[in-house]
Amino acid sequence: LDWRFQDGCAIVTVTGQLDLGSSERFTRAVRGLVHATPGLRLVLDLSGLTGWDSSGMAALMTAQRQIDADPTARMVLAGLPARLARRLHDAGHAGRFTIADTNASAIRMATSA
C-alpha cells in the first residue's frame, strides 16, 4: 500500500492481495485520508491487485461508504484487472463503484463534477 497526491487527487496504490492481512491497514489509510481531506478525490490504483477475499471486498465497500458520507468526495477504482472486475460484477457489487481503465482517466473522472 502506497499513496501520493497528484492533480488534486489522493492516489492509493494497492498491490498483491487485499485480504485479512492487509485490509485493516487499507481501511485505516483510507479513513485517515477521508478525515484529513474534506472533499477528497480518491483514486485507488488497483492495477497491481492480484486478488481479494471477503475482508478485502468489505474494505473496498467500507472505503466507498466513507467517501459517500461526504457529498463532495469522489472515489474511482483504476486499473482493476479484468478477472477481478468480473468477480466484482458477478458478486453484484460493480454498480457500487466508479471504475476507470487508467489512473489518468480516473483522475479526470474524480475531478470532474
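The values are calculated or read from the model by the stated rules, or taken from the named source; none is laboratory data. Please read these numbers as outputs of a predicted model, since none were measured by experiment. For neighbour counting, all protein chains shown are included, and Cβ atoms are generated from backbone atoms with ideal geometry for every residue, glycine included. Accessible surface is based on the protein model in full, side chains and every heavy atom, while ligands, DNA and RNA are left aside. Shrake-Rupley method; radii C 1.70, N 1.55, O 1.52, S 1.80 Å.
Can you confirm whether residue 60 is closer than 17 Å to residue 96 by Cβ and in contact (Cβ under 8 Å) with a residue 40 or more places away in the chain? Outline the logic, then answer.
Values: closer than 17 Å to residue 96 by Cβ: yes; in contact (Cβ under 8 Å) with a residue 40 or more places away in the chain: yes.
Against the criterion (closer than 17 Å to residue 96 by Cβ and in contact (Cβ under 8 Å) with a residue 40 or more places away in the chain), residue 60 qualifies.
Does residue 111 fit the bill of being in contact (Cβ under 8 Å) with a residue 60 or more places away in the chain and in contact with a strand residue (DSSP E or B) (Cβ under 8 Å, 6 or more places away or on another chain)? Walk me through how you get there before you give the answer.
Numbers: in contact (Cβ under 8 Å) with a residue 60 or more places away in the chain: yes; in contact with a strand residue (DSSP E or B) (Cβ under 8 Å, 6 or more places away or on another chain): yes.
Yes.
Scan region 1-20 and give yes if some residue there is surrounded by fewer than 15 Cβ atoms within 10 Å (Cβ to Cβ), polar (S, T, N, Q), assigned to a strand (DSSP E or B) and touching a residue at least 24 places away in the same chain (Cβ under 8 Å), otherwise no. If you could, list the steps in order and put the result at the bottom.
The first filter runs over region 1-20 and keeps only residues surrounded by fewer than 15 Cβ atoms within 10 Å (Cβ to Cβ), leaving 1-2, 4-8, 15-16, 20.
Keeping just the survivors that are polar (S, T, N, Q) gives 6, 15.
Now restrict to residues that are assigned to a strand (DSSP E or B): 6, 15.
Then keep just the ones that are touching a residue at least 24 places away in the same chain (Cβ under 8 Å); that gives 6, 15.
Looking through region 1-20, at least one residue is surrounded by fewer than 15 Cβ atoms within 10 Å (Cβ to Cβ), polar (S, T, N, Q), assigned to a strand (DSSP E or B) and touching a residue at least 24 places away in the same chain (Cβ under 8 Å).
Suppose we filter region 28-53 for residues that are surrounded by fewer than 18 Cβ atoms within 10 Å (Cβ to Cβ), assigned to a helix (DSSP H, G or I) and touching a helix residue (DSSP H, G or I) at 6+ places or on another chain (Cβ under 8 Å); how many remain?
Residues in region 28-53 being surrounded by fewer than 18 Cβ atoms within 10 Å (Cβ to Cβ), assigned to a helix (DSSP H, G or I) and touching a helix residue (DSSP H, G or I) at 6+ places or on another chain (Cβ under 8 Å): 1 in total.
List, please: which pairs have Cβ atoms under 8 Å, are six or more places apart or on different chains, and start with a residue in region 83-97 that is farther than 15 Å from residue 53 by Cα and end with one that is assigned to a helix (DSSP H, G or I) and not acidic (Asp, Glu)?
Cβ pairs passing all conditions: 94/85; 94/88; 96/61; 96/64; 97/60; 97/64; 97/88.
Quick one: how many residues across region 58-82 are assigned to a helix (DSSP H, G or I), open to solvent by 30 Å² or more (accessible area, probe 1.4 Å) and not acidic (Asp, Glu)? Outline the logic, then answer.
From region 58-82, those assigned to a helix (DSSP H, G or I) are 58-68, 82; that's our starting set.
Then drop every residue that is not open to solvent by 30 Å² or more (accessible area, probe 1.4 Å), which leaves 58, 61-62, 65-66, 68, 82.
Narrowing further to those that are not acidic (Asp, Glu): 58, 61-62, 65-66, 82.
Selection size over region 58-82: 6.
Among the listed residues 85, 106, identify the single one that is under 16 Å from residue 10 (Cβ atoms) and part of a helix (DSSP H, G or I). So that I can check it myself, show each step before the final result.
On the way: 85 fails: under 16 Å from residue 10 (Cβ atoms).
Sole residue among the options that is under 16 Å from residue 10 (Cβ atoms) and part of a helix (DSSP H, G or I): 106.
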